[in-house]
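S.K.: Got a structure here, written out as structure tokens. Questions coming.
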Amino acid sequence: ETLQRIVSTLVNKNDEIHNFIDMLNHTISNVQVNSSKAISELDEEFDGLYSVLHEMKGSMANTIQQEEAHKIQVLQDQLSQCSRALESSEELLELAVQSLDIKNPVELLEAARQIKDSVTVASAFRLSLKPKVSDSMTHMMVDFALEKHMLQAVKFLPVPKAPEIDVAACLIADNCITVSWRMPEEDSRIDHFVLEYRKTNFDGLPRLKGEQRWELVDYIKATQYTLSGLKFDTKYMNLRVQACNKAVAGEYSDPVTLETKAFVFSLDSTSSHLNLKVEDTYVEWDPTGGKGQEKIKGKENKNRSNTASPKRSTNSPRASARGGRDRFAGESYTVLGDTAVESGQHYWEVRAQKDCKSYSVGVTYKNPGKFDQLGKTNSSWCIHINNWLQTTFSAKHNNKAKTLDIPVPDRIGVYCDFDGGQLSFYDANSKALLHTFRTKFTQPLLPGFMIWCGGLTVSTGLQVPSAVKTLQKSENGLGGSTSSLNNVA
């Protein structure tokens, strides 16, 4: 036995090492891929920076050229004015020089008066002999000292630290998981968080092989998130969180594994009444099912007088598939769940079709009698709804019924506390308590359903709703009233 334990321990350790080697190889591959991705993103950033600088250079060069063109135009206009004024002044000077040769005093006086009037209005004397614009272009110079310093200071953006999931603050209820986390230190650069989760049946660290892929929830701004509408069809859920800034994502937090075990079962079609049509979590009344099949079987048996009946043949595939389909007969019209409750607290819900004439929802010990109906034995408990002629609503156990003077809900929640000896029924919508049985369960319990005319849909894999938990605490705190139908087995 000691050697067997050692071998078992070595096998488990070898499996762990193999998984770890696979994880390391996977990590190496990811490092290579992510490194190439980082270089590619760096190239894109620098190409973007080059593009911005090139665009800015073109824009600023165009501004300088516009300033140059403006100054040259102003100076050329001024040069043209000066040229015209100079030409006019030279003509006037030549005329004045010629007037000096006039001998006749009267003519000389007249010529001098004309020259004087011309000089008075001459454009040469109205010109500003100072350039209207300077030749300096220093106002178009750029000082890149600060920008160069900033570029030289460019470094990789600090990678956010891995968040820490606060397991104590995480909440599992109402088929929801609320995950809470915190940063190890304040980081104002954090832009958002990414949450990843996946279902698993292993309670340790996530494994590389044989696991479902991570599901991702991106751009979470708060430090908590609620995953809602889940079906807990596995025992655990792995969760991890990473922080992201504008450019880079940090490492994932250490993954945590939260227990999400819930009671999951299907309807056992192999042992249901022949008049019930069963499919996974749905059962429907089939008035022709039993008789029609028996007639067909009878004809087949007559035609095969030398062949064993498929119903009795132990080697028949149909027989093995149908199992004990004759487990229930007569007016029991019952189908059981395929998984037993042996401990713990569990919750499931049932929805009936509107045209259901009669149905029961409850639990029973294993191996009920072939003709037993739910609630009519000391080993089964149920609530019963009868819509034939008039509606009656009652709780049944040991062939005793207690009328429930409340409206029949369209969905019924069943809460079973096996260890606490409690079976409660609720309005699944409002979570209002319908009825409670208190007893001591001495055998495993199977969910049981009885239906006549109509159909039932069962929802499993449900967490005990928080409203039910609150109601149970309140009821237990008050001592709780014991139903007159309860039987201590």
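The values are calculated or read from the model by the stated rules, or taken from the named source; none is laboratory data. Predicted model only: the values in this text are computed from it and were never measured. Here the Cβ is made from the backbone with ideal geometry for all residues, glycine too, and neighbour counts use every protein chain on show. Remember, those area values only see protein heavy atoms, side chains included, never the ligands or the DNA or RNA. Shrake-Rupley method; radii C 1.70, N 1.55, O 1.52, S 1.80 Å.
S.K.: In the stretch 164-259, how many lysine pairs have Cα atoms under 14 Å apart, counting only pairs 8 or more places apart or on different chains?
M.R.: Here the count comes out as 4.
S.K.: May I ask for the net charge around ASP419, where only other residues with Cβ less than 11 Å from the Cβ of ASP419 are counted and Lys, Arg are +1 while Asp, Glu are -1?
M.R.: Charge balance in the 11 Å sphere: -1.
S.K.: Moving on. Please work out the Cα convex hull volume for the stretch 71-140 and give it in Å³ per residue.
M.R.: Given the Cα convex hull of the stretch 71-140, per-residue volume reads 70 Å³.
S.K.: So what's the chain giving for Rg/Rh, alpha carbon basis, Kirkwood Rh from the mean inverse pair distance?
M.R.: The Rg/Rh ratio comes out at 1.46.
S.K.: How large are Rg and Dmax for the stretch 1-122 when calculated on the C-alpha trace, in angstrom?
M.R.: Cα radius of gyration and Dmax of the stretch 1-122 are 47.5, 155 Å respectively.
S.K.: Per residue, how many Å² of accessible area does the stretch 195-249 show with a 1.4 Å probe?
M.R.: 60 Å²
S.K.: Per the helix-only calculation at 222 nm, which mean residue ellipticity applies to the chain, given -39500 (n - 2.57) for every DSSP H run of n ≥ 4 and division by its residues, nearest 500 deg cm²/dmol? Could the numbers behind the result be given before it?
M.R.: Details: 6 runs with 156 residues, N = 489.
Value at 222 nm, helices only, nearest 500: -11500 deg cm²/dmol.
S.K.: How many percent of the alpha carbon pairs in the stretch 343-479 exceed a separation of 24 Å?
M.R.: Counting pairs separated by more than 24 Å, the tail of P(r) holds 25 percent.
S.K.: Between ASP166 and GLU90, how many nm apart are label points set 7 Å from Cα along the C-beta direction?
M.R.: Taking the simple label geometry, ASP166 and GLU90 are separated by 9.4 nm.
S.K.: For ARG327, what accessible area in Å² do you get when you roll a 1.4 Å probe over the heavy atoms of the protein chains, rounding to the nearest 10?
M.R.: 70 Å²
S.K.: Can you put TRP214, TRP348 in order of accessible area, largest first, using a 1.4 Å probe?
M.R.: TRP214, TRP348
S.K.: Assign unit charges at the C-beta atoms only (+1 for Lys and Arg, -1 for Asp and Glu), then state the dipole size of the chain relative to its Cα centre in Debye, rounded to the nearest 20.
M.R.: That gives the chain a dipole magnitude of about 4320 debye.
S.K.: Equivalent-ellipsoid semi-axes (√(5λ), Cα gyration tensor) for the stretch 164-259, whole Å, largest first?
M.R.: 23, 15, 12
S.K.: Provide Rg and Dmax in Å for the stretch 211-296, with only Cα atoms included in the calculation.
M.R.: For the stretch 211-296, the Cα radius of gyration and maximum Cα-Cα distance read 23.0, 73 Å.
S.K.: Which of the peptides 378-386, 417-425 is most tightly packed, and how do the rest follow, going by the mean number of other Cβ atoms within 10 Å of each residue?
M.R.: Most protected by this proxy first, the peptides run 378-386, 417-425.
S.K.: Give the lysines whose C-alpha is closer than 19 Å to that of LYS116, dropping any in the same chain fewer than 8 places away, or say none.
M.R.: LYS103
S.K.: Next up: Taking GluC sites (Glu not before Pro) that fall in a DSSP loop and have at most 14 other Cβ atoms within 10 Å as cut points, what is the longest piece of the chain between them?
M.R.: 2-184
S.K.: Continuing with the same structure: Could you check how many percent of all C-alpha pairs in the stretch 69-201 are farther apart than 17 Å?
M.R.: Summing the P(r) tail past 17 Å for the stretch 69-201 gives 79 percent.
S.K.: Compute the Rg to Rh ratio over the stretch 340-405 from the alpha carbon atoms, using the Kirkwood formula for Rh, and round to two decimal places.
M.R.: Rg divided by Rh gives 0.99.
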